[in-house]
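Working notes for the structure below.
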């Protein structure tokens, strides 16, 4: 943290940014090689990232915030390719000049000219060797940037894939939420209709005992020969009541028994037994 604080002071002081970037990269490597708790590593890594962004803003301006790592690498790669092409042309010129001087040595008019051309050849060879070494380093950097670019492209594709998955997941969650709300609304409507139907049925059931009582009086005043027919009517009425509320069979049986007597209660028991068998 002390090393990072020193770098942050240099950033504010507009020091040489190329050197600052190298110092930040060195600090990054040091963090990677050091053992931390998860929380401490995240804290220092976030501060280093902020320092990088601050240095880029001071060096390149506010528009640097909008440039992605892949875009920065692409820009660097394009600049490197252009530099490699210039270096290759320069190396080619040095080689051509070297061949020319070596041919002229054998054609020199005197010893002095030959010595001067040999000295010039040595100078060209030194420049050529230096440029060839630089070209090798540039080609090596080119390979490193290409490898890094592949990783960044893969990382960007993975980021897009995760973003797409998150978008689809969000859409699916929203669709599920709407479906649940619609289902809840349908259930509310069904429940309201059921309650309304139940209220109507209760009102209807309140009137049935009076009608049943009238039928019971008529049954007592009828002839003995028609008793079986009346009993059948009572059994039919019991079946209707049972069908309307199977979950309340016992209460229904008691209500009917109060009206038609023990025979209907026996019939209800029989019907209940049949329902259990089914």
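Rule-based calculations on the coordinates, nothing more; no lab input. Note that the structure is predicted; figures quoted are calculated from it, not measured. All Cβ positions, even for glycine, are placed from backbone atoms using ideal geometry, and neighbour counts span all protein chains on display.
Neighbour counts of other Cβ atoms within 10 Å put 38, 19, 142 in the fewest-to-most order 38, 19, 142.
Only Cα pairs under 8 Å and 6+ residues apart enter the sum, and on that basis the relative contact order of region 68-209 stands at 27 percent.
Which FRET efficiency value, to the nearest 0.05, is calculated for residue 147 and residue 26 with the Förster distance at 22 angstrom and r the Cβ-Cβ distance?
Numbers: r = 21 Å, r/R0 = 0.94.
E between residue 147 and residue 26, to the nearest 0.05, is 0.60.
Assuming R0 = 30 Å, can you tell me the calculated FRET efficiency for the pair residue 68 and residue 33, based on Cβ-Cβ distance, to the nearest 0.05? Before the final figure, lay out each step's value.
Details: r = 27 Å, r/R0 = 0.90.
Result of the calculation: an efficiency of 0.65.
Spatially, region 172-197 and region 114-162 are offset by 68 Å when compared through their Cα centroids. The stretch between residue 187 and residue 173 holds 3.0 nm of extra length on full extension. This uses 0.36 nm per residue minus the Cα-Cα distance.
Taking the Cβ of each residue in 158, 132 as the centre, tally the other Cβ atoms inside 10 Å and list the residues starting with the fewest. Mind showing how you got there, number by number?
Working: 158 10, 132 14.
Ranking 158, 132 by Cβ neighbours within 10 Å, fewest first, gives 158, 132.
Sorting 20-29, 161-170 by their mean Cβ neighbour count within 10 Å, with the most densely packed peptide first, gives 20-29, 161-170.
Taking the number of other C-beta atoms within 10 Å as the exposure measure, put 99, 94 in order starting with the fewest.
Values: 99 12, 94 19.
Listed from fewest to most nearby Cβ atoms, that is 99, 94.
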